[in-house]
Amino acid sequence: MDLVNVLRELIPCIKGKWFIGDGALLGLTREKKLISYDNDIDLYFLEDTTIDLTDSILEQQQYYICNKIYNPNNDKEKHNPWLEYCSIIKLRNPKFNRSQVLLEAKKDYHLKKIISKFTNNHIDIFIIKKDGDRYYVENERKNHPRIYKEDDLQLIENYDLGFKVFIPNNAEDILEQTYGKNWHVPDPNFKYY
């Protein structure tokens, strides 16, 4: 099942307010489709939004900073659990040098590592929490959390994938904050690893 069909299967299972963000938002806004080399779609849920996969072929795995929704019949994502865990330590402690990351990871890797079950094509679910008049993405960097304003959560319908999805009304502003002023021009030298 390709990525678009994973999303199409997931949408009826969602109850609440959600929107597409990051690379998928970039592709939809810039090219009216997903970016060809992207293997995930980032969805942002307000904290009272839920998913019920009872009647779906999709499965869910809680993974370090987000939940992963995937079709178990797709090719399994290959991860190095040690490197993934070290990446999470670095994300949560951006001032750590390599030695500090390795020492911190070594302390409880055997207890806290997560072996991935999700597949190449998957949906990442990030939760947005409210704090006063601002919203932030749960589990992001402590010193650089992504902050959303009420205006960022004014959503519009988008049908570029052939079915209804939601994107922020001010997608261009969000993309500029995320990718810089030239977000609308594809980088010919970009390499996806």
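The values are calculated or read from the model by the stated rules, or taken from the named source; none is laboratory data. Please read these numbers as outputs of a predicted model, since none were measured by experiment. Cβ placement follows ideal geometry from the backbone for every residue including glycine, while neighbour counts extend to all protein chains displayed. What goes into the accessible areas is simple: the full protein's heavy atoms, side chains included, and nothing from ligands, DNA or RNA. Shrake-Rupley method; radii C 1.70, N 1.55, O 1.52, S 1.80 Å.
Charged (D, E, K, R), open to solvent by 60 Å² or more (accessible area, probe 1.4 Å) and modelled with pLDDT of 90 or more, is that true of LYS164?
The answer is yes for LYS164.
Please verify whether region 143-156 includes one or more residues that are under 22 Å from ILE69 (Cβ atoms) and of a type outside the set (A, V, I, L, M).
yes
Cβ-Cβ distance below 9 Å, separation of 6 or more or different chains: which pairs start in region 18-30 with a residue that is free of Cβ contacts under 8 Å to residues at least 40 places away in the same chain and in a helix (DSSP H, G or I) and end on one that is of a type in the set (Asp, Glu) and surrounded by fewer than 22 Cβ atoms within 10 Å (Cβ to Cβ)?
Once the first residue is free of Cβ contacts under 8 Å to residues at least 40 places away in the same chain and in a helix (DSSP H, G or I) and sits in region 18-30, its partners that are of a type in the set (Asp, Glu) and surrounded by fewer than 22 Cβ atoms within 10 Å (Cβ to Cβ) give GLY23/ASP38; GLY23/ASP42; ALA24/ASP38; ALA24/ASP42; GLY27/ASP38; GLY27/ASP160.
Does GLU47 satisfy being loosely packed, with under 15 Cβ neighbours inside 10 Å, at pLDDT below 95 and under 16 Å from the mean Cα position of the chain (by Cα)? First the steps, then the outcome.
Details: loosely packed, with under 15 Cβ neighbours inside 10 Å: yes; at pLDDT below 95: yes; under 16 Å from the mean Cα position of the chain (by Cα): yes.
It is true that GLU47 is loosely packed, with under 15 Cβ neighbours inside 10 Å, at pLDDT below 95 and under 16 Å from the mean Cα position of the chain (by Cα).
Taking ILE127 as the residue in question, decide whether it is within 30 Å of ASN182 (Cα to Cα), open to solvent by less than 20 Å² (accessible area, probe 1.4 Å), touching a residue at least 40 places away in the same chain (Cβ under 8 Å) and not in a helix (DSSP H, G or I).
Taking the combined requirement at face value, the residue does not satisfy it.
Criterion first (among the basic types (Lys, Arg), modelled with pLDDT under 85 and either open to solvent by 70 Å² or more (accessible area, probe 1.4 Å) or outside any loop (DSSP other than H, G, I, E, B) (or both)) does LYS181 satisfy it?
For LYS181, the condition - among the basic types (Lys, Arg), modelled with pLDDT under 85 and either open to solvent by 70 Å² or more (accessible area, probe 1.4 Å) or outside any loop (DSSP other than H, G, I, E, B) (or both) - is not met.
Give region 83-101 a look and list any residue that's touching a helix residue (DSSP H, G or I) at 6+ places or on another chain (Cβ under 7 Å) and open to solvent by 50 Å² or more (accessible area, probe 1.4 Å), or say none.
LYS90, PHE96 - these are the residues of region 83-101 that are touching a helix residue (DSSP H, G or I) at 6+ places or on another chain (Cβ under 7 Å) and open to solvent by 50 Å² or more (accessible area, probe 1.4 Å).
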